[in-house]
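Below is one structure, written out as C-alpha cells; comments come after it.
The values are calculated or read from the model by the stated rules, or taken from the named source; none is laboratory data. Keep in mind the model is a prediction, meaning the values are calculated, not measured. When we count neighbours, we look across all protein chains shown, and the Cβ atoms used for this are built from the backbone with ideal geometry, even at glycine. Calculation scope for accessible area: heavy atoms of the full protein, side chains included, ligands and nucleic acids excluded. Shrake-Rupley method; radii C 1.70, N 1.55, O 1.52, S 1.80 Å.
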Amino acid sequence: MLVDQKILIALINDLGAEAYQTLISIFIEEVSETVEKIKKALDDNDYSTLSLNVHSMKSVCGTYGAVEAFELSKDLNDRFKAGEHINTLEDDVKKLINILEATIKEFKQIEANGLM
C-alpha cells in the first residue's frame, strides 16, 4: 500500500469524520494537478517549477500519509536544494510521477470503498 492508513485515520480523527470525503477529493485533485505541472516542467527543463512542485508534493504527501511519494519527494527536494542538475534527477522525477499516479488510484479506491 502506498497510503499509510493510520496517518489518514489520524488526520480524519483530528478534522472530523464529515471532512473525510472532502479530504480525499482535495488530495486527488491537488496531486493530479501537480503531477501535470511536474510533467510539463520536466518536458520544459524548468528547474524552478519542478523544484517548487516537488516541494509541494513532499508536504501534501506527508500530511495525507502517502508515504512512498513523501519519501521520494523529500529526497528529490533535498537534491534540488543541493543544486543537483536536472539531468541527474530526471529518472527519479519520472519515478515520482509514477508513484504519485499510483497513489492517486489508491486514494480513489479509498474514496469509493472507504478505508480498509
Within region 33-55, which residues are closer than 14 Å to E90 by Cα, part of a helix (DSSP H, G or I) and of a type in the set (D, E, K, R)?
K39, K40, D43, D44
Can you name every residue in region 2-17 that is under 22 Å from A102 (Cα atoms), open to solvent by 50 Å² or more (accessible area, probe 1.4 Å) and more than 15 Å from the chain's Cα centre (by Cα)?
K6, I9
So, of the residues in region 18-32 that are free of Cβ contacts under 8 Å to residues at least 40 places away in the same chain and closer than 26 Å to K94 by Cβ, which turns out to be surrounded by the fewest Cβ atoms within 10 Å (Cβ to Cβ)?
E29
Within region 33-62, tally of residues that are in contact with a helix residue (DSSP H, G or I) (Cβ under 7 Å, 6 or more places away or on another chain), open to solvent by 40 Å² or more (accessible area, probe 1.4 Å) and not β-branched (V, I, T):
6
Report every pair of residues separated by at least 6 positions or lying on different chains whose Cβ atoms are under 7 Å apart, first residue within region 68-96 and acidic (D, E), second surrounded by 13 or more Cβ atoms within 10 Å (Cβ to Cβ) and in a helix (DSSP H, G or I).
E68/I99; E90/L42; D92/L72; D92/L76
Within region 72-110, work out how many residues are more than 23 Å from D43 (Cβ to Cβ) and touching a Phe, Trp or Tyr at 6+ places or on another chain (Cβ under 9 Å).
1
Which condition number in (1) modelled with pLDDT under 95; (2) assigned to a helix (DSSP H, G or I) is the one that D92 fails?
(1)
So, in region 63-100, of the ones that are within 10 Å of the chain's Cα centre (by Cα) and of a type outside the set (A, V, I, L, M), which residue ends up most open to solvent (accessible area, probe 1.4 Å)?
E71
Quick check, is T63 touching a residue at least 12 places away in the same chain (Cβ under 8 Å) and closer than 18 Å to E106 by Cα?
yes
